[in-house]
Amino acid sequence: LLIGLWLSVRILHRSSPTSLPANRPAIRESHEIESPVTAGILRPTILLPKDWRAWDATRLNAVLAHETSHARRRDPALQFLSSLHCALLWISPATWLLHRAIVRTGEEISDEDAIAATPDRATYVEILLDFMQRGARANPVEVAMARYDQPKTRIRRILNATAGAHRA
């Protein structure tokens, strides 16, 4: 847990500002990541890989919607606290199930926000699949943030879900 926190802080400090307008959260770029990630416990920051300028508007809008959703709900802080809870009460299976549910719910809500910013669910799945393929060479910090289930389960949920499934 402490190593992951140290790595994410190091990546944040080495990142540089982007030319994208950002009121909140901050948007930065890093050559140390392959896929977008939201990091920072006190001030969530969206980190984009260096190739973000080559993305089309649909991909960029989907990524920013997804990561802004994480930042707005303070998912990095919540996941850090949940991981700390797991570290302290590691022997209890309920602790690990709760952590998995927290991560899954955060990803599902952020997926829905990203889908709302794309033409359709299939387009978002294509974007997501590209980032999943990059995951094989990704930084452990970014991979750990979104890992909660098998990729095929997440893809099926996105394609088969009804719009706004998590909305009240």
Next on the checklist: Please list 3J(HN,Hα) in residue order for segment 91-98, calculated via the Karplus relation 6.51 cos²θ - 1.76 cosθ + 1.60 where θ = phi - 60°; whole Hz, with x for glycine and proline.
Outcome noted: 6, 8, x, 4, 4, 5, 5, 4
Item to check | Sequence-distant residues sharing a close amide H with THR45 (under 5 Å, placed H) | outcome: ALA39, GLY40
Item to check | Label-to-label distance, nm, for residues given as ALA57 and LEU98 (7 Å Cα→Cβ offset) | outcome: 4.5 nm
Next on the checklist: Going by average Cβ density within 10 Å per residue, which order do the peptides 68-80, 86-98 take, highest to lowest?
Outcome noted: 68-80, 86-98
Checklist entry - Considering amide H positions built from the backbone, and no H for Pro or chain starts, which residues 5 or more places from LEU20, or on another chain, come under 5 Å of its amide H? => result none
Checklist entry - Which of ALA117, GLN150, ALA87 sits farthest toward the positive end of the charge dipole of the chain, with +1 on the Cβ of Lys and Arg and -1 on the Cβ of Asp and Glu? => result ALA87
Checklist entry - With the dipole of the chain worked out from charges on the C-beta (+1 for Lys and Arg, -1 for Asp and Glu) around the Cα centre, which of LEU129, ILE11, SER35 lies farthest toward the positive end? => result ILE11
Next on the checklist: I need the phi-derived Karplus couplings for segment 49-62: 6.51 cos²θ - 1.76 cosθ + 1.60, θ = phi - 60°, integer Hz, Gly and Pro marked x.
Outcome noted: x, 4, 7, 4, 5, 7, 6, 7, 4, 5, 5, 4, 4, 5
Checklist outcome for this item: Residue by residue through segment 71-76, the couplings from Karplus 6.51 cos²θ - 1.76 cosθ + 1.60 with θ = phi - 60°, in Hz, x for Gly and Pro, are 5, 4, 8, 6, 4, x
Checklist outcome for this item: Toy charge model, Lys and Arg Cβ at +1, Asp and Glu Cβ at -1: the chain dipole around Cα centroid in debye, rounded to 20, equals 300 debye
Item to check | For the chain: rounded, prolate or oblate by the Cα gyration tensor [a/c cutoff 1.5] | outcome: oblate
Next on the checklist: I'd like to compare 36-44, 118-126: which one has the highest average count of other Cβ atoms within 10 Å, and what's the full order after that?
Outcome noted: 36-44, 118-126
Item to check | Mean Cα-pair separation over length for the chain, i.e. relative contact order, pairs under 8 Å, 6 or more apart, % | outcome: 23 percent
Item to check | the chain - percent of accessible surface contributed by carbon and sulfur, probe 1.4 Å | outcome: 61 percent
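The values are calculated or read from the model by the stated rules, or taken from the named source; none is laboratory data. Predicted model, so just to flag it, every value in this text is computed and none were measured. Note that we place each Cβ from the backbone using ideal geometry, even for glycine, and neighbour counts take in every protein chain shown. The area values use the complete protein model at the heavy-atom level, side chains included, leaving out ligands, DNA and RNA. Shrake-Rupley method; radii C 1.70, N 1.55, O 1.52, S 1.80 Å.
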